[in-house]
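**Student:** Sharing a structure below in structure tokens format, with a few things to ask.
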Amino acid sequence: MDLEGGTRRYSAKRESWRTVLTLAYQSLGVVYGDLSISPLYVFRSTFAEDIKHTESNDEVFGVLSLVFWTITLIPLVKYVFVVLKADDNGEGGTFALYSLLCRHARVSSLPNCQVADEELSEYKKDSRGAAPERSFALRLKSTFERHRVLQRVLLVLALIGTCMVIGDGILTPAISVFSAVSGLELSMSKETHAYVEVPASCIILIGLFALQHYGTHRVGFLFAPVIIVWLFCISTIGIYNIFHWNPHVYKALSPYYAFQLLRKTQKGGWMALGGILLCITGAEAMFADLGHFSQLSIKIAFTSVVYPSLILAYMGQAAYLSKHHDIEQDYHFGFYVSVPEKLRWPVLVIAILAAVVGSQAIITGTFSIIKQCSALSCFPRVKVIHTSSKIHGQIYIPEVNWVLMILCLAVTVCFRDTKRLGNASGLAVITVMLVTTCLMSLVIVLCWHQNVLLALGFVFVFGTIEALFFSASLIKFLQGAWVPIALALVFLTFMYVWHYGTLKKYEYDVQNKVSINWLLGLGPSIGIVRVRGVGLIHTELVSGIPVIFSHFVTNLPAFHEVLVFLCIKHVPVPHVRPDERFLVGRVGPKEFRLYRCIVRYGYRDVHKDDVEFENDLLCSIAEFIRTEKTGLNSSNDEPGKDDRMAVVGTCSTHSLLMSEDNVENVENVENAGPSELKEIKSPNVIKQQKKRVRFLVPESPKINTDAKKELEEVMEAREGGVAYIIGQTHLRAKPGSSMVKKIAINIVYEFLRRNSRSPSFVTGVPHASSLEVGMMYQV
């Protein structure tokens, strides 16, 4: 899939080579921080116990050969040449692949999907067209759509990858900072170093997490220079070591030495693969952070800067070790031993800064993927703070940040060495890559419509390599590899139970929604007093009347004169264009003044604040009213039919709402031409960032008196205030349910609900304008 399939933002990135090179420069600090600092701990982890360093240098050269081919096959061949092309309208990562599959095979786990969602610009299929009839892709697609079990397996697979990314967000800062600080062992005694290493690492980690709320953009301009200086240092030191110690080390790049190592050491060489795979730690970020950059910029940065620098660094370490066989000291295989003594302190400082940059990148990536999971109802509601108004995707989640910090400190204090930290980190990294390989094989068949043999070849080549690394990591379960498994099980349980509870709640709403005939029987007053103002009733339903509405009118004697059944939902695309954001329709006859508005967001979209959202919402309803009688909106002519909706854009896509800066221009238009405009001014002007909201109604046959009157009533109701009615539901398992269901719903889901943010907080509803209606659901 070409990058042209994305939004216009991504095509603009390729306007010039200057833009591409700028993005490539920026990607060095954001994408490659984690991958660039891997030389700090690869050799040390590999030679920890499993293989020994002998005079023949077979082990050192064999490890160098394995490192070289691992970096070449996984990041270069797999990611650069294949996986990066599987972007979801410019976005990458595990959920991007899952989103692609959801759209092509209808396996989405989102409960309130609509046919109208498939008409979104970013929902459209790529340029490869539909799968040929009687093809394997069509049969596979039909199989996934028929069997719910396969859909759940696909969801669990995506969630496992997500959980391991979260685990990586805990383990990577620990091993990166700990390995960088370990350089102090060369300048002090072993006893003193034991009391300094852990506290120093913990202090740096606490500072790293404490500064997260400031956002990456405030210090982001330093990221790329730090990584560039670091890559220059390790490549220069590598070249020095090659020429000074062993100029013939390049011969070890031959795969012969890798096979020779495995043949000689057998089980030890196989177990050493758990340390070698650390050389590709952070490679997944090339795909996960694709949304911030472009395919070409990431490819240029890796192939021209990162890849040669890493290879030179590893060759330099191998050249040094090939001439030094004194293994009495524990730090003999550490990175700093191969650094010339006069440069160790400057390199130590640069290494610590590079470790912080690499850790920052994975922490930000963890925030981003948790936000995506929350948008797709796979993670409890959390507070998402956008730390930059200019840089897309820079977010901060307080609850997640402090949980990551506590777990990261606990791992650092408990393990206290790079060996066990490396075992834990390696298993998390390779699991994410295995998940990507599995999902990518399905994308090749279902989305790209390629021959199934190509997908099988992809799985066979890369799946076999990654399975070897995975087995080597898993065998070290008791030596630290249990940590990512335990973390993944806990997060997977929470995420799947939350998703299961969300689905059950939606099913209850669908089964108990109120009939439209009940509403018609109440009459225009709905059987109660209608008071001035706008009432927004939050619901997950995209059709029908929610049970919360009947529950509310049964207990309160009054309601607002304008009622809007508001559904804020996410669709399996990264972004929804502003002119496709709203779906608006009527509920019941026109005189009821009841509307339904469905607001659609992509899983990476930014939610607007309450004032701007209210303006967009009322503006979309006004545009719906204005165009309803002009033939532009003829799909909703029948009273009582509330399942037909019209696509209406935000304020920027039409002229019913004007900002304060445009008021003078509007008045000039009123005085300048035959097309007269009548301005309905509100007594209390709404201001937000010096913006004034006004309806402009054309005096022409295109809009009749009834529509004009309705617009005036909506505007007057807006001036009376907007109230948000939100359902606060409590789930309980039905009597007679299985013990597993009771534990999942009554204990785990209820615990998550009580400790997560309320719906009003997540949607940005002002506390003074919200009203929560409590209900008990038995599912």
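**Student:** Take the stretch 113-129 and flag every residue that is surrounded by fewer than 13 Cβ atoms within 10 Å (Cβ to Cβ) and modelled with pLDDT under 75.
**Tutor:** V115, S127, G129
**Student:** Let me ask something else about it. Limited to the stretch 539-565, what total is found for residues that are open to solvent by 30 Å² or more (accessible area, probe 1.4 Å) and either closer than 15 Å to Q728 by Cβ or part of a strand (DSSP E or B) (or both)?
**Tutor:** Of the residues in that region, 6 qualify.
**Student:** Have a look at Y98, Y79 and point out the one that is in a helix (DSSP H, G or I) and under 18 Å from the mean Cα position of the chain (by Cα).
**Tutor:** Y98
**Student:** State all residues of the stretch 717-751 that are closer than 19 Å to A375 by Cα and at pLDDT 90 or above; if no residue qualifies, say none.
**Tutor:** Y749
**Student:** Taking the stretch 370-387, which residues are within 18 Å of V571 (Cβ to Cβ) and in a helix (DSSP H, G or I)?
**Tutor:** Correct list: K371, Q372, C373, S374, A375.
**Student:** So which of Y396, Y331 is among the aromatic types (F, W, Y), over 22 Å from A428 (Cα atoms), under 16 Å from the mean Cα position of the chain (by Cα) and at pLDDT below 90?
**Tutor:** Y396
**Student:** So E614 ticks every box in (1) in a helix (DSSP H, G or I); (2) modelled with pLDDT under 80 but one. Which box is left unticked?
**Tutor:** The failed condition is (2).
**Student:** Looking for whichever is part of a loop (DSSP other than H, G, I, E, B), farther than 16 Å from W245 by Cβ and either in the same structural domain as L421 (by the TED database) or within 29 Å of the chain's Cα centre (by Cα) (or both) here; the options are A283, A301, A272. Which one fits?
**Tutor:** A283
**Student:** Kindly indicate whether L310 is in the same structural domain as A252 (by the TED database), out of contact with any Gly (no Cβ under 6 Å at 6 or more places or on another chain), under 21 Å from I175 (Cβ atoms) and assigned to a helix (DSSP H, G or I).
**Tutor:** yes
The values are calculated or read from the model by the stated rules, or taken from the named source; none is laboratory data. If you're wondering where the values come from, they're calculated on a predicted model, not measured in any experiment. In this analysis, Cβ positions are derived from the backbone assuming ideal geometry, glycine residues included, and neighbour counts consider all displayed protein chains. Areas reflect the complete protein model, heavy atoms only, side chains present, ligands, DNA and RNA absent. Shrake-Rupley method; radii C 1.70, N 1.55, O 1.52, S 1.80 Å.
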